[in-house]
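Shown below is the structure under consideration.
Bear in mind that the values in this text are calculations on the coordinates, not laboratory data. Because the structure is predicted, anything quoted here is derived from the model rather than measured. A quick note on method: Cβ atoms are made from the backbone with ideal geometry, for glycine too, and the neighbour counts reach across all protein chains shown.
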Amino acid sequence: MAVHHLQTPFSEAVIRQLRVEDIVYFNGTLFGIRDLTQIYMFDQNHEPPVSLEGMPCIHTAPSLRKIGNRWEKICVGTTTSTRMDRFSPDLIGKYGVRAIIGKGGLYEESLQAMKKHGAVYLAIVGGAASLETQQIEEVEAVYWEHLHPEALYKFRVKDFGPLTVAMDSHGGHLYFDVKKEALRRLPGIYNQLGID
């Protein structure tokens, strides 16, 4: 396990150095997206108004307050990623996203896109919204405001993390590994409990 301190945008070379179980912190730009954001992009064919090339995207529907022309953060938490899995291969392949941040991981097609294009899935600890919010220095922009709280958000972050590399560009998948190990242990657990 290695600890990496990165700066956005991420290059493919930097991302391909990351391995499952490594820890990542980063500074720079972080884009917030959620279900409706990606439905608007992919199902309703709206091109993002800003480049996502080399950037990380976090699955979130943040609580923000608009004062004049500025948006202020109240609470920015992370949501489960699996229901957005169908969008991830194109997010990576078409728009060049290098890291997806969320909870619960993604599936095989997303993993294959990460291998092909050089991207990772970074897992964040559930219940860490307070820490995440503190690590966001500013809400720099909100695109597609009519979708709020599932618009496209541009945050500036400092020391954002710790994030665990849960899926890497080499085919590593921490969630699959944990499930495989749990299934391996299950017969022994049943045996100890006297369950056939």
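Taking the Cα centre of the range 3-193 as origin, work out the dipole magnitude from +1 charges on Lys and Arg Cβ and -1 charges on Asp and Glu Cβ, in debye rounded to 20.
300
If you don't mind, there's one more thing I want to ask. Tell me, what is the percent relative contact order of the chain, built from C-alpha pairs under 8 Å that lie six or more residues apart?
28
I would also like to ask the following. Within the range 63-190, what percent of beta bridges assigned by DSSP are antiparallel, to the nearest 5?
Counting only bridges with both partners in the range 63-190, antiparallel ones make up about 75 percent.
Now for a separate question. How far is helix 108-117 tilted, in degrees, relative to the longest principal axis of the Cα atoms in the chain, given as a value from 0 to 90 rounded to the nearest 10?
60
Hey, another quick one. Residue by residue through the range 138-145, which ³J(HN,Hα) values in whole Hz follow from phi under the Karplus form 6.51 cos²θ - 1.76 cosθ + 1.60 (θ = phi - 60°), with glycine and proline marked x?
7, 8, 7, 7, 10, 9, 6, 4
Quick one: if the Förster radius is 25 Å, what FRET efficiency do Thr80 and Lys115 give, using the C-beta to C-beta distance and rounding to 0.05?
After rounding, the FRET efficiency stands at 0.65.
I need the phi-derived Karplus couplings for the range 28-39: 6.51 cos²θ - 1.76 cosθ + 1.60, θ = phi - 60°, integer Hz, Gly and Pro marked x.
Values per residue, Gly and Pro as x: x, 9, 9, 9, x, 9, 8, 3, 5, 4, 7, 4 Hz.
Still on this model: Can you work out the Karplus-derived ³J(HN,Hα) for every residue in the range 57-73? Use 6.51 cos²θ - 1.76 cosθ + 1.60 with θ = phi - 60°, whole Hz, and x for glycine or proline.
10, 10, 7, 7, 10, x, 8, 10, 10, 9, 10, x, 9, 9, 9, 10, 7
Next up: Determine, for the range 3-193, the count of lysine pairs separated by eight or more sequence positions (or lying on different chains) whose alpha-carbon distance falls under 21 Å.
Close lysine pairs found across the range 3-193: 14.
For the range 31-122, compute the orientation-averaged projected area of the C-alpha convex hull (one quarter of its surface), in nm².
Approximately 6.1 nm², given one-decimal rounding.
Give me Rg over Rh for the range 3-193, both radii from the alpha carbons and Rh done the Kirkwood way, two decimal places.
My calculation of the ratio gives 1.00.
Would you please put 178-190, 7-19 in order of how densely packed they are, using the mean number of other Cβ atoms within 10 angstrom per residue and starting with the highest?
Listed from highest to lowest mean packing, they are 7-19, 178-190.
Can you give me the pair-distance distribution of the range 55-168, C-alpha pairs, 10 Å bins, whole percents?
14, 46, 33, 7, 0
How would Asp22, Asp168, Asp43, Asp90 line up from fewest to most surrounding beta-carbon atoms within 10 angstrom?
With the sparsest Cβ surroundings first, the list reads Asp43, Asp90, Asp22, Asp168.
Val3 label point, 7 Å along Cα→Cβ, cut-off 12 Å on backbone N: hits in the range 132-174?
162-163
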